[in-house]
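What follows is calculated from the coordinates using simple rules that are stated; it is not laboratory data. From a predicted model like this one, the values you see are computed outputs, not experimental measurements. Using ideal geometry, Cβ is built from the backbone for each residue, glycine included, and neighbour counts are taken over all protein chains shown.
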Amino acid sequence: MRVGVITFPGTLDDVDAQRAVKYADAEAVPLWHADHDLKGVDAVIVPGGFSYGDYLRCGAIARFAPVMQEVIEAANKGMPVLGICNGFQILCEAHLLPGALTRNSKLHFVCRDQWLKVENNQTAWTTRYDKDAEILVPLKSGEGGYQADQHTLDELEGEGRVVFRYVGENPNGSRNNIAGITSANGRIVGLMPHPEHAIEALTGPTDDGLGMFLSLVDSVVKA
Amino acid sequence: MARVVVDVMPKPEILDPQGQAVANALPRLGFDGITEVRQGKHFELEVADDVDDATLAKIAETFLANPVIEDWVVRRVDA
């Protein structure tokens, strides 16, 4: 079971994402932004950071990276893909997920441990959670406000594609308190908070995030 | 060569916290009578003569703007 983790210039959280993969007893495979090569991996994580300096818009340039052309093609064939924070922004810019992430409504960069509700435990990345479980993971972003037109929001809500929702005060102005969503086939998930920073009590607020990586291993082994 | 201007603005229904922050600062700085500010991006492109309008529109729509949240306008201007 091999899980690719992409590194762009400006990526920050690739090492923690690789570590989370290893904690789930899978092999982490580093992928380089400039390579047209997924190295035969079973799934891909697009980690957080500030790819290409986040110039123009967050994720707008990374979306055109050579490795992303391979990710888009593989994702459209059903490969599981997880986008965390900047990775979520990149997946939206790549049209693998609908909507866009915008400047936090109060303009401040938000860095705190955040409670989330798991509303969809049927995706490739969330089967280890009970439905409506509440988990505590770090949130650290300046442009985490989820925006989409009303039609898209209605579709996401109607199809149960809101995977994570913020509990308590909305931290960034996201519409419908949306923290993370999934594709129609439940294989692609994007979220602003950071499950890879919450995989053990020593280094994170909880180990609540590890379930996403264990869920992936389950779904690939089953497939 | 021609100069092409692309203006990108947040859609009216999208919250623009940066524009709001500017609008809120103006009265504090003693400038009254400004009721709203929207903040966007302005690109100036130097373009070869054989680049057609369809190509410019594609550049604006697929790269310079994100049509999910932004509107864009392409204008050819005299250099």
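Starting from region A:160-205, pick out the GluC sites (Glu not before Pro) whose DSSP state is loop and whose Cβ has at most 15 other Cβ atoms within 10 Å. Intermediate results must be reported in sequence, preceding the final value.
On the way: sites: A:GLU169, A:GLU196, A:GLU200; in loops: A:GLU169, A:GLU200.
Within region A:160-205, the qualifying GluC sites (Glu not before Pro) (loop, at most 15 other Cβ atoms within 10 Å) are A:GLU169, A:GLU200.
Loop-located chymotrypsin sites (Phe, Trp or Tyr not before Pro) in region A:1-100 (DSSP state other than H, G, I, E, B) with a sparse environment of at most 16 neighbouring Cβ atoms within 10 Å: A:TYR55. The GluC sites (Glu not before Pro) found in chain B that occupy coil by DSSP, while having at most 11 further C-beta atoms within 10 Å, are B:GLU13, B:GLU36. So how tilted is helix B:17-28 from the main axis of chain B? Cα-based, degrees 0 to 90, rounded to 10. Compared with the principal axis, the helix lies near 50 degrees.
In percent, rounded to a whole number, the relative contact order of chain A is 20, using alpha-carbon pairs under 8 Å and six or more apart.
In debye, nearest 20: dipole of region A:2-222 around its Cα centre with unit charges on the Cβ of K, R (+) and D, E (-)? Could the numbers behind the result be given before it?
On the way: 19 positive and 29 negative charges, 46 e Å.
Approximately 220 debye in magnitude.
Using a Gaussian network for chain A with springs between C-alpha atoms less than 10 Å apart, which of these wobbles most: A:GLU134, A:GLU155, A:GLU119? Between A:GLU134, A:GLU155, A:GLU119, it is A:GLU155 that shows the largest mean-square fluctuation. The H on the amide N of B:GLU70, modeled in the peptide plane, is under 5 Å from the matching H of B:LYS11, each at least 5 residues off or on a different chain. Among residues other than B:VAL77 whose Cβ falls under 14 Å from its Cβ, what is the net charge (Lys/Arg +1, Asp/Glu -1)? Net charge around B:VAL77: -2.
Computed from phi, the 3J(HN,Hα) profile of region A:21-36 under the Karplus parametrisation 6.51, -1.76, 1.60 (θ = phi - 60°) reads 4, 5, 5, 8, 6, 10, 8, 8, 10, x, 10, 9, 4, 8, 9, 8 Hz, with x in place of Gly and Pro. Look at where the Cα atoms of region A:7-77 and of region A:137-206 average out, and the two centres are 19 Å apart. Positive-end ranking of A:ASN120, A:MET79, A:MET68 along the dipole of region A:2-222, with charges on Cβ about the Cα centre, is headed by A:MET68.
Sum up the charges of everything whose Cβ sits under 14 Å from the Cβ of A:LEU156, counting Lys and Arg as +1 and Asp and Glu as -1, but leave A:LEU156 out. That works out to -3. Using θ = phi - 60° and the Karplus relation 6.51 cos²θ - 1.76 cosθ + 1.60, list the HN-Hα couplings for region A:209-217 in order, rounded to whole Hz, with x at every Gly or Pro. Running phi through 6.51 cos²θ - 1.76 cosθ + 1.60 with θ = phi - 60° gives x, 4, x, 5, 7, 5, 4, 4, 4 Hz.
In chain A, a dipole from Cβ-located charges (positive for Lys and Arg, negative for Asp and Glu) runs towards its positive end, and of A:THR11, A:ASN170, A:SER105 it is A:SER105 whose Cα lies farthest in that direction. In a simple Cβ point-charge model (Lys, Arg +1; Asp, Glu -1; nothing else charged), region B:2-77 has a dipole of about 280 debye relative to its Cα centre. Considering only B:LEU15, B:PHE43, B:ILE59, the residue lying farthest towards the positive end of the dipole of region B:2-77 is B:LEU15, judged by Cα position with unit charges set on Cβ. Peptide A:98-107 shows a mean partner chain C-beta count of 4 within 10 Å per residue C-beta. Backbone phi angles across region A:136-151, fed through the Karplus curve with coefficients 6.51, -1.76 and 1.60 (θ = phi - 60°), yield HN-Hα couplings of 10, 9, x, 10, 8, 7, x, 10, x, x, 7, 10, 7, 6, 4, 4 Hz in residue order; Gly and Pro are listed as x. Across region B:2-77, Cα pairs under 8 Å and at least six residues apart give a relative contact order of 54 percent.
Given +1 at the Cβ of Lys and Arg, -1 at the Cβ of Asp and Glu and no other charges, the dipole of region A:42-137 around its Cα centre is 280 debye to the nearest 20.
Distance cut-off 21 Å, Cα to Cα: go down the list A:LYS77/A:LYS222; A:LYS22/A:LYS140; A:LYS117/A:LYS140; A:LYS106/B:LYS11; A:LYS22/A:LYS222; A:LYS117/B:LYS11 and report the pairs above it. Intermediate values should be presented prior to the final figure.
On the way: A:LYS77/A:LYS222 17 Å; A:LYS22/A:LYS140 23 Å; A:LYS117/A:LYS140 17 Å; A:LYS106/B:LYS11 18 Å; A:LYS22/A:LYS222 19 Å; A:LYS117/B:LYS11 30 Å.
Distance filter (> 21 Å) returns A:LYS22/A:LYS140; A:LYS117/B:LYS11.
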